[in-house]
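Worksheet: the structure to be examined is printed underneath.
The values are calculated or read from the model by the stated rules, or taken from the named source; none is laboratory data. Small disclaimer: the values here were computed from a predicted structure and weren't measured. Counting neighbours? That spans all protein chains shown, and the Cβs are built from the backbone with ideal geometry, glycine included. Side chains are part of the model used for accessible areas, which takes the heavy atoms of the whole protein and leaves out ligands, DNA and RNA. Shrake-Rupley method; radii C 1.70, N 1.55, O 1.52, S 1.80 Å.
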Amino acid sequence: MKKILLSSILAAGTCAMFNACSDDSPSPLTPSVAASSSSADWFVGSCSSVDGNSNLGSSSSVAPGASASNSSSSVIVPPNSATSSSNGVPSQSSSSVNPTSSANPVSSAAESSSSKEPELDASGFPTLESYGPPSAEYTKDISATAKRGWNTRYWDACKPHCSWLKESSNDKTRADTSSNEAYLADLATARNCNIHDVEVPTFTLGNVTKSWFGYEGTRSACGDEKEKGVFTCTDMAPIAVNDTLAYAYVAGTGDSKCGKCYHLQYDGHFKDEFENNPPKATHKALKGKHLVVMASNIGHDVAGGNASLPAGQFDLMVPGGGVGAFDALSTQVNGANVNWGAGFGGFLTECQKNTNCGTEGSLDCYQTCVKDMCDAAFGNAGLPNLLRGCHWFADWYMAADNPTYYIEEVECPQYLVDHYMTRYNTSLENNFKKVTDWSTFKEGDVLDTLHCWKAGEAPPENGWQNPSAGCDVK
């Protein structure tokens, strides 16, 4: 299935080779002469911004050099339940230039398929049930052969690290941008959404002129943009498949790879246990459950392995898990007097205070306390996925604090792939006009585009042809 779907995307896409260099300055991207490849005449530096991971400092986006469409006034309809196809690719108006492929998303799934059209949810994605039974690989016993690791938790709502293009050839975490084929094989960039949870592009044209063009990542709400910036799409909150299997997204260590998936089997223990601090009822209740996670963030202070837990740490993305070092959540959910709990640890850490359940509280006390905080924070926020994911932590995850697990890499479930891959930037090139305020973008709105050209391809003007790459900026 993976090969069939990948081939269909590549047949519809354009392959654009380029080299990339890094520049930590937030200044506009600047073109250079590429060393090779006839499909791209130049490459650009990076555009730095706070990346949006609770475990991460600043991060940069790098855009490839490639030509955009020849249309100067085209638009694209964003994905929604009314206009999206069953694979989640945005529909187009009759005059639009398609920056996306009409093919299905790349599949890494080991799930069963059906020839019947899947039922779609309100966001235009197939419902969880429509993916069919999960692979047996996700629930097999791996305790005899796998390494052990542990989970922390967070939800800062910032633009995911994996939503940025890689900043240099030394960046091994994000999608390979050496060609369009490599970019799609690495599942492109992770989706990001505006403050109203509407998906928007991960990168657009930058501050282009008639003698220059380049790309720029849509800016994180964890930077200066705040409500004008972009956030984690809320449907990346954890979801239960059944009583013993769930799907989620994580931030991995600095040497992790965006878009990789892992099977976690919980073992009933936790990271900091010792003789006088044994596992709690929460850890015991989680024992034997299976979680398949996908890396959508990279945390450079997420710990590596040690002698006892050689697989190291994953920071599980859970609404109410604590905002960590950065905070776009309080911008997105601007409720009065919301108690967000501890910055590192969130609602559960607040519930562990002696005024609530204490550190030796019962399973029921922790579950009730966490869910009460979930309801107070997200109940009236108009973002039901955040409430769902927060309750999931109490009900499915048993409010377990830093539990340990066995871990192995697996093929990604199609559900996680679909909610990971951008539905706009399915090519390394686009002609979307830069937007500085995404907060006003609504379902059904169209994106402005520009007519751009590579060096030597500018349309003649008054008998003279501009030798530089650029865009038709009016």
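Checked against the criterion of being touching a Lys or Arg at 6+ places or on another chain (Cβ under 6 Å) and modelled with pLDDT under 95, the candidates A311, A325 yield just one match: A311.
Scanning for something open to solvent by 60 Å² or more (accessible area, probe 1.4 Å) and among the acidic types (D, E), does the range 303-317 turn up at least one residue? No, there is no match, as no residue in the range 303-317 is open to solvent by 60 Å² or more (accessible area, probe 1.4 Å) and among the acidic types (D, E). Can you find a residue in the range 368-382 that is in a strand (DSSP E or B), in contact with a helix residue (DSSP H, G or I) (Cβ under 9 Å, 6 or more places away or on another chain) and closer than 27 Å to P319 by Cβ? Looking for residues that are in a strand (DSSP E or B), in contact with a helix residue (DSSP H, G or I) (Cβ under 9 Å, 6 or more places away or on another chain) and closer than 27 Å to P319 by Cβ, one finds none in the range 368-382, hence no.
When the range 270-287 is examined, which residues are found to be of a type in the set (G, A, S) and in contact with a Ser or Thr (Cβ under 7 Å, 6 or more places away or on another chain)?
Just the residues of the range 270-287 that are of a type in the set (G, A, S), to begin with: 281, 285.
A281, the sole residue that qualifies.
Within the range 224-234, the set of residues being buried (at least 24 other Cβ atoms within 10 Å of the Cβ) and of a type outside the set (S, T, Y) comprises G229, V230, F231, C233.
Restricted to the range 430-474, and to residues there that are touching a Gly at 6+ places or on another chain (Cβ under 7 Å) and in a loop (DSSP other than H, G, I, E, B), the residue that is farthest from S123 (Cα to Cα) is P467. Of all residues in the range 116-143, those that are closer than 20 Å to D267 by Cβ have Cβ atoms under 6 Å from Cβ atoms of residues that are part of a loop (DSSP other than H, G, I, E, B), 6 or more apart or on another chain, in E137/A110.
Of the residues screened, S179 is not one that is among the polar types (S, T, N, Q) and within 18 Å of N297 (Cα to Cα). Residues that are under 30 Å from A311 (Cβ atoms) and β-branched (V, I, T) were ranked within the range 407-433; the one that is farthest from the chain's Cα centre (by Cα) is I407. Within the range 353-367, restricting attention to residues that are in contact (Cβ under 8 Å) with a residue 24 or more places away in the chain and among the hydroxyl-bearing types (S, T, Y), the residue that is farthest from A399 (Cα to Cα) is S362.
Scanning the range 399-422 for residues that are charged (D, E, K, R) and in a strand (DSSP E or B), we see that the one that is most open to solvent (accessible area, probe 1.4 Å) is E409. Residues that are out of contact with any Phe, Trp or Tyr (no Cβ under 9 Å at 6 or more places or on another chain), part of a loop (DSSP other than H, G, I, E, B) and surrounded by 23 or more Cβ atoms within 10 Å (Cβ to Cβ) within the range 135-172 comprise W155, K166, E167, listed in sequence order.
Look at the range 438-466: where a residue is closer than 14 Å to E199 by Cβ and a partner is of a type in the set (V, I, T) and in a strand (DSSP E or B), sitting 6+ places away or on another chain with Cβ atoms under 9 Å, you get W438/V200; W438/V230; F441/V200; L447/V200; L447/T204.
Each row is one residue, and each column tells you yes or no for (1) open to solvent by 30 Å² or more (accessible area, probe 1.4 Å); (2) of a type in the set (S, T, Y).
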| position | (1), (2) |
| --- | --- |
| N339 | yes, no |
| F344 | yes, no |
| F347 | no, no |
| C351 | no, no |
| T359 | yes, yes |
| C365 | yes, no |
| N380 | yes, no |
| P384 | yes, no |
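Condition check: out of contact with any strand residue (DSSP E or B) (no Cβ under 7 Å at 6 or more places or on another chain), open to solvent by less than 40 Å² (accessible area, probe 1.4 Å) and small (G, A, S). Does A221 satisfy that? So A221 does not fit the description; no. Test G268 against the criterion of being on the phi > 0 side of the Ramachandran plot and open to solvent by less than 20 Å² (accessible area, probe 1.4 Å), and give yes or no. In short, yes.
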